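One structure below.
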Amino acid sequence: MHRMFEDVMETDVLVIGGGLAGLRAAIEAHDGGVKVLVAMKGKLGKATAAVCAYHGAAVGPWCDADDTKELHLKDVIKCGGYLADQELCKIMIDELPERLIEFERYGLFWERNDDGTIAPYLGSGHSKPRTISTWRRQAGLSMIYALKSEILRRRIPVLEDTMVTNLLIKDGEIAGAVGLDIVSGKVFPINSKSTIIATGSHSVMFPDYTPPPECTGDGPAMAYEAGADMMNMENVVYIATIDHPGTWRGIIVPTLFKIGGDVLHLLNKEGERFLERYDPENLEMATKDVVARSTYTEIIEGRGGGEEGDTLYADLAHLDYEEANNKLGDLVTCMEEMGLDIRKDYISFRPAAHETLGGVRINARCESTIPGLYAAGSAIGAIYGNDGIPGRGTGHAIVFAQRAGKYACERARQISMPQPDQELLDAEFLRVVNILDRERGLSPGEVLKKLQETMRKNFWVVKNDEGLKEALANIIRIQQEDLPIVSTSSKSKRYNIEWQHALEVINLAKVAEMMIKSAMMRKETRAMFMRDDYPQKDNVNGPQHIVLRRNKNEMHLETIPVKLTYVQPEGDE
Amino acid sequence: MNDMGFMRVKVFRFDPTKDQNPYYETYEIPYEKDMRVLDALVSIREIHDCNLAFRHSCRRRRCGMCGMLVNGKAVLACHEAAFSDMVVEPLPKLPVIRDLIVDTKSYEQKINELRPYLERKKAETEPELIKPYDMLPLRQLQTCIECYLCMSVCPVLELGWPGFAGPSALVQMARRALDPRDLLERTAERTDNNFVDCVSCYSCVNVCPVKINVLEDAVEPLKAQRQKKVIGRWARFNSVFVELVRDRALVNPTVWMLKAFSIPVLFNNIFVGVRFLMKGKISLKSKNVPNIEDIKKIYKATEVKK
């Protein structure tokens, strides 16, 4: 006997996620002339990591005459430790200027020079000034509001407060998804011809993270379960963030650009500007991997301050106050609210997980390895390797979202509406509802804490085999012992946040397993990926992608060499 | 972290599908240095009740989702300092979805009615040249995060006058209307009183977490734009004000209202009028300014010639 659903939703293109990538993809698909539906966990224009993005970067009319796209491509690939998929990376660099300028059609306004031209500045890791932003370095917020206004103009329907719990399949192709409306507690199927995953990163598996708490890897977990290839899951960007209070542990202490000709200084407990030892040439303007590694080394070698010796200090005293307030608004306000004076006090910081760089493997049409499933944004893997050069986050989000929207729309125009397998639908319904029916067990928060502690202990900035083995054992134990008894304390179906958290922690545990297994496979140190048992690059095999997929109930991993089509490593890079 | 003892937090609880009435629950949580209200709520979730419902996302006042009342003051939980014995409640005037989460649909609708998007021609060469000076009025406006704190304190919105859009909506409107690239006619057309009813009380300015001067950067420029386009036609409220200053050198609110509003509007608001009268906010007695002729001379001397 099959369950009958009262309201089955139908759409040509389903976009899962309402961030920068999700909204951009929805607009593109809508303009292609098909019916689009966006499902997101938060509210439109709100629950997204992009609101905190500082800038975009591209070689456009605002750049020096001698700056070229080739140079930009080289910067990005070099910075990412040659782990970029160069075909895709080239597409990103080529299409970025158009994508960024396009935002001015949507009402955004890039900061200008007095003569009316766009004003670029130098971002760390770039060889030329090509980074652009809006007033007060709030490019992400402006971009999200520009896209939101276009969504409203086109009246594209958005299901807010809706978590997509799983994908639906028909004859090996994606046929839609199952949604949980967290406000009413209703579980319902959404049939779609094309489905775009734009769910963002999965940084919430670490205790300290910069993206919003909704970034729980739902997309990668669903895609993996459906059988899609995943790529370079082991990569995570670590970045310096404010140390306390907990709420602000996620506000970046940015060394990404200069403030009035100078950078903020990073100091250890002896007051020494420690980057002088690690990168005397670039100092704080070094790439993110250098900053992360030196921060980590300082703490490990006992030069950290604070009660547990796990914090370092940033000094803003030498910066012009107005400039600092304008460009580091978040940081300055937080310091002032804590009663610190930026002209003389230090702010303590420590490393946190920024963006995870692994995810669904896509081709140039943003197709995953399963027909009907597309991906964009932080949920995709290996576009620019494993370091975060400024402007790459917003960059790949908008370029590949536009492509995902375009090609998803193309497919939707060609096929008829699929009817998903009823068995799968019933099984998913039961899986979701059963969590609420369980009488007693572990709370999702407790399980998440355990998971986060494991990842913090054994999957932090520098890893080794022993730690990874321990982490894997812990994650497997969580999957086998804890997850089957996760239950909610309240049984109300009205905005039961624990219910959503329970589903999220299941996804996180799955993604954590993928990350750990990929990390065990990568026996080298490369850009942001660091191991103390393999402190060198693997120059014998050269740069390799690590691809994994579900093979029955086993996780199958393999390496494929990176095609060095456009940029080759020089010397010992 | 250095614990400095415990603190008590009183939190509004309500699940409309189960509870008959809202109630308050008091929790004891460890105090941490520089703790924010959001830290306290997360701590309650971890220690006492995993099901306490509240929204938060970015944790650095960019998403505008954690708006709530702390001791009656509208704040963003992510930036407000926590203190012992604080009372945390949902934003007022909106239906409660659960606990501290309110349904903001009515506000969103008000914004959507104002066509919150830029209607522009595609520039001939992109990117076009734009002088930063032309965009100055928009700078602060584009940092609005739609947290609706301003909406929750707006006294005019509370009156429920039809058509008044509310501060947050007017920021979104001004953001487009003041953009030199925008082609839509937004301020001249008379569909409702979406901004002329603002009483300039600065309540919205005082609560704005991203320091937008809603009044001086959004509402006043909108009024000025409308004044330029439709002088004398719809800006009755303002022109009567000018008339009163010119003729009597004194603005008597009663006379102002009687002259500015049409009879049906006056009739509809008769109870508000009576309330104001009883509280002594308006009076039926009219005062006269001595040496009115001298003041008229000043007015004449300073009048701007058209």
Residues satisfying the stated conditions in the stretch B:69-115, i.e. touching a residue at least 40 places away in the same chain (Cβ under 8 Å), under 30 Å from A:L331 (Cα atoms) and assigned to a loop (DSSP other than H, G, I, E, B): B:A77, B:C78, B:H79, B:E80, B:A82, B:F83, B:S84, B:D85, B:P90, B:L91, B:L100, B:T104
Qualifying helices (runs of 4 or more DSSP H) (wholly inside the stretch A:212-313; at least 3 residues being among the hydroxyl-bearing types (S, T, Y)): A:288-300
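To keep it simple, each residue is scored yes or no on (1) over 30 Å from A:R350 (Cα atoms); (2) touching a strand residue (DSSP E or B) at 6+ places or on another chain (Cβ under 7 Å).
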| residue | (1), (2) |
| --- | --- |
| A:L152 | yes, no |
| A:V183 | yes, yes |
| A:I190 | yes, yes |
| A:T199 | no, yes |
Which numbered condition A:E453 misses (of (1) in contact (Cβ under 8 Å) with a residue 24 or more places away in the chain; (2) within 26 Å of the chain's Cα centre (by Cα); (3) away from chain B (no Cβ under 14 Å)): (3)
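How about the stretch A:224-254: which of its residues are over 19 Å from the mean Cα position of the chain (by Cα), touching a residue at least 60 places away in the same chain (Cβ under 8 Å) and within 14 Å of chain B (Cβ to nearest Cβ)?
As a first pass, look at the stretch A:224-254 and keep what is over 19 Å from the mean Cα position of the chain (by Cα): A:225-227, A:242-247.
With touching a residue at least 60 places away in the same chain (Cβ under 8 Å) added as a condition, the list becomes A:225-227, A:242-244.
Passing the criteria: A:I242, A:D243, A:H244.
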Residue within the stretch A:421-433 that is part of a loop (DSSP other than H, G, I, E, B), in contact (Cβ under 8 Å) with a residue 12 or more places away in the chain and closer than 21 Å to A:L167 by Cα present: yes
Index of the failed condition, A:R365 passing every other in (1) surrounded by fewer than 18 Cβ atoms within 10 Å (Cβ to Cβ); (2) without any contact (Cβ under 8 Å) to a residue 24 or more places away in the chain: (2)
Flag for A:V34 being away from chain B (no Cβ under 14 Å), assigned to a strand (DSSP E or B), at pLDDT 95 or above and touching a helix residue (DSSP H, G or I) at 6+ places or on another chain (Cβ under 6 Å): no
Odd one out for A:E439 among (1) of a type in the set (D, E); (2) crowded, with 22+ Cβ neighbours inside 10 Å; (3) in a loop (DSSP other than H, G, I, E, B): (2)
Positions within the stretch B:83-110 being within 21 Å of B:N206 (Cβ to Cβ), crowded, with 17+ Cβ neighbours inside 10 Å and not charged (D, E, K, R), in sequence order: B:M86, B:V88, B:P90, B:L91, B:L94, B:V102, B:T104, B:Y107
Hits in the stretch A:207-223 - residues which are surrounded by fewer than 24 Cβ atoms within 10 Å (Cβ to Cβ) and either more than 19 Å from A:A39 (Cβ to Cβ) or hydroxyl-bearing (S, T, Y) (or both): A:P207, A:D208
Some residue of the stretch A:166-174 being over 25 Å from the mean Cα position of the chain (by Cα), small (G, A, S), at the interface with chain B (Cβ under 10 Å from one of its Cβ atoms) and surrounded by fewer than 20 Cβ atoms within 10 Å (Cβ to Cβ): no
Those residues of the stretch A:37-69 which are of a type in the set (S, T, N, Q) and either within 16 Å of A:P157 (Cα to Cα) or within 12 Å of chain B (Cβ to nearest Cβ) (or both), in sequence order: A:T48
Answer residue from the stretch A:82-135, given it is among the hydroxyl-bearing types (S, T, Y) and more than 9 Å from chain B (Cβ to nearest Cβ) and is nearest to A:Y384 (Cα to Cα) among those: A:Y82
Any hit, the stretch B:56-73, residues being surrounded by fewer than 15 Cβ atoms within 10 Å (Cβ to Cβ), in contact with a Gly (Cβ under 8 Å, 6 or more places away or on another chain) and more than 10 Å from every other protein chain (Cβ to nearest Cβ): no
Close pairs (9 angstrom Cβ cut-off, 6 or more residues apart or separate chains): modelled with pLDDT under 90 in the stretch B:154-168, among the aliphatic types (A, V, I, L, M) and assigned to a helix (DSSP H, G or I) anywhere: B:L159/B:V272; B:F164/B:V156; B:F164/B:L157
Of residues in the stretch B:23-44 being charged (D, E, K, R) and within 31 Å of the chain's Cα centre (by Cα), the one farthest from the other protein chains (Cβ to nearest Cβ): B:E25
Tally of residues being within 14 Å of chain B (Cβ to nearest Cβ), under 13 Å from A:L503 (Cα atoms) and touching a Lys or Arg at 6+ places or on another chain (Cβ under 8 Å) across the stretch A:201-222: 1
Single residue of B:I97, B:I145 found to be over 21 Å from the mean Cα position of the chain (by Cα), closer than 20 Å to A:G42 by Cβ, facing chain A (nearest Cβ under 10 Å) and not aromatic (F, W, Y): B:I97
Residue that is nearest to A:L83 (Cα to Cα), among those in the stretch A:543-567 that are out of contact with any Ser or Thr (no Cβ under 6 Å at 6 or more places or on another chain) and free of Cβ contacts under 8 Å to residues at least 24 places away in the same chain: A:P561
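The values are calculated or read from the model by the stated rules, or taken from the named source; none is laboratory data. Quantities reported herein were computed from a predicted structural model and do not represent experimental measurements. Positions of Cβ are generated from backbone atoms using ideal geometry, with glycine treated the same way; all protein chains shown enter the neighbour counts.
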